[in-house]
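Take a look at the structure set out below.
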Amino acid sequence: MASTTRTILFVKIIAFCVWSTLAATNEDVGLNVYEIINKYGYDYELHPVTTDDGYILELQRIIPRGETGTNRPPVLLMHGLLSSSADWVNTGTHSLAFKLVDLGFDVFLGNARGTTSSRKHVTLDPDQDAVEFFNFTWHEIGYYDLPAMIDYILEITGAEQTQYVGFSQGTTVFFAMASSRPEYNAKIKLMTALAPVAEMHNFKNPIIKLAAKFEGVIEFALKAWKMHELLRYGKIFEVLGEELCDDGKPTQELCKILLFAIAGYDREQLDGAFIPVITSNAPGGVSVGQLTHYLQIINGDGVMRRYNDGKSADLPEAYDLSLISAPVALYYGENDWLSSEKDVEHLADTMQNCVRRRLNSLKAMNHIDFQWAIDVVELVFNDAIELIVEYK
Ligand SMILES: *[C@@H]1O[C@H](CO)[C@@H](O)[C@H](O)[C@H]1NC(C)=O
């Protein structure tokens, strides 16, 4: 009897899940990066790239359907914290990646170590050897992953330079590379920074600022609980995104408030039905160190410094941002709770060759709007593309 009841309940739950999947408002819910690329009419190639410290990364190259020979100028797109390359294509026809392919670029999507498709190493197993595998912050992504991907791209395309576009952490890792391995500046034709994050003297988010005060405790606790990797990709986020955040769900407002509490409040440019598309591939996994490295800077003197492993009483070495000599274009907003306009403007003055600083005209422009705003093409991409094409 009890087992029949349980079976009926189980069938009901499955039926509900199937129904709600079919009921998703946005038809891209549930698609991974490869499926999105195909759906919008492109092909892709997967290129494994091994870093000097043994991580095996997946570089995804988008190709116009049916095209073989390339000889197109390369551009590398690098995603933000907690996310993966899917974020460059999940806005479909609004996607910057597809627009660049259409304009004749050889588009490569990078995936940082530890994320969904770059959770591999030549000797370490991310599950068995989690302590060693996840012993990195965004510094290593900048110091090892970017140079490995850039060198690989230059090698297979025969180009002398590549363009680079980063969103959020995708800009931090670039600044880390360009200041700690300055010889890489010469390999960059143009770097386009969307919602850049480097120095954090004027960090706005009050919740994260408070959390940053407990950075040491948080790190100790997580590691004591053997949590070295956080928010690894899982189907559960897609289901939650859909059940809680889709149009018509009474809890959609909570989802929006949660995003605003991280990124800044902008009711007009966030499409609730798009949240399940985001959670179909994000979060995509981070190391504890990636988070605590940011928290250390927020809670410290705001200067972008190396990771503090607690072994020395002195502040860690600062990144010398004046060594960044590649041409850089900066796109930033006033209402971005994770990147303050004052810090971005200071960065622009510190670097050697800032070629464009564009404070967004939309007052409410928040962090995630630089990737996902309803009008992201008009608000950000059109201007960025104009410059990218100029540097072609
Ligand atoms: C990496 O491991 C070393 C040695 O245990 C430790 O001191 C350091 O804090 C770790 N770094 C990160 C980012 O976890």
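The values are calculated or read from the model by the stated rules, or taken from the named source; none is laboratory data. Source: prediction; values computed, not measured. Don't worry about glycine lacking a Cβ; one is built from the backbone with ideal geometry, like all the others, and counts go over all protein chains shown. Calculation scope for accessible area: heavy atoms of the full protein, side chains included, ligands and nucleic acids excluded. Shrake-Rupley method; radii C 1.70, N 1.55, O 1.52, S 1.80 Å.
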Fill in the blank from the handout: Rounded to a whole %, the carbon-and-sulfur portion of the accessible area of region 126-175 at a 1.4 Å probe is 38
Completion exercise
Given pairs 39/189; 342/363; 99/392; 223/311 and cut-off 19 Å on Cα-Cα distance, the over-length ones are 39/189
Exercise for the section: Sum -39500 (n - 2.57) across every DSSP H segment of at least 4 residues in the chain, then divide by the residue count to get the 222 nm mean residue ellipticity, nearest 500. Expected result: -10000 deg cm²/dmol
Practice task
Excluding residue 159 itself, calculate the net charge of residues whose Cβ lies under 15 Å from the Cβ of residue 159, where each Lys or Arg counts +1 and each Asp or Glu counts -1.
Solution key: +1
Practice task
Give, as a single signed number, the net charge of other residues whose beta carbon lies under 12 Å from the beta carbon of residue 168, with Lys and Arg counted +1 and Asp and Glu -1.
Solution key: -3
Practice task
Can you work out the accessible area per residue across the chain, with the rest of the protein chains kept in place, probe 1.4 Å, in square angstrom?
Solution key: 43
Exercise for the section: Between residue 151 and residue 225, with labels modelled 7 Å along Cα→Cβ, what's the label distance in nm to one decimal, could you check? Expected result: 3.9
Completion exercise
For the chain the mean separation of alpha carbon contacts under 8 Å (6+ apart) over residue count, i.e. relative contact order in percent, is 19
Fill in the blank from the handout: In debye to the nearest 20, the charge dipole size for region 25-390, taken about the Cα centre with +1 at each Lys and Arg Cβ and -1 at each Asp and Glu Cβ, equals 400
Completion exercise
Carbon/sulfur accessible area of region 285-357, % of total, 1.4 Å probe, equals 46
Practice task
Using Cα positions and a limit of under 12 Å, work out the aspartates and glutamates in reach of residue 187, with same-chain residues fewer than 8 apart set aside.
Solution key: 151, 155, 160
Handout entry: Cα gyration tensor shape for region 110-195, rounded if a/c is under 1.5, else prolate or oblate
Key = prolate
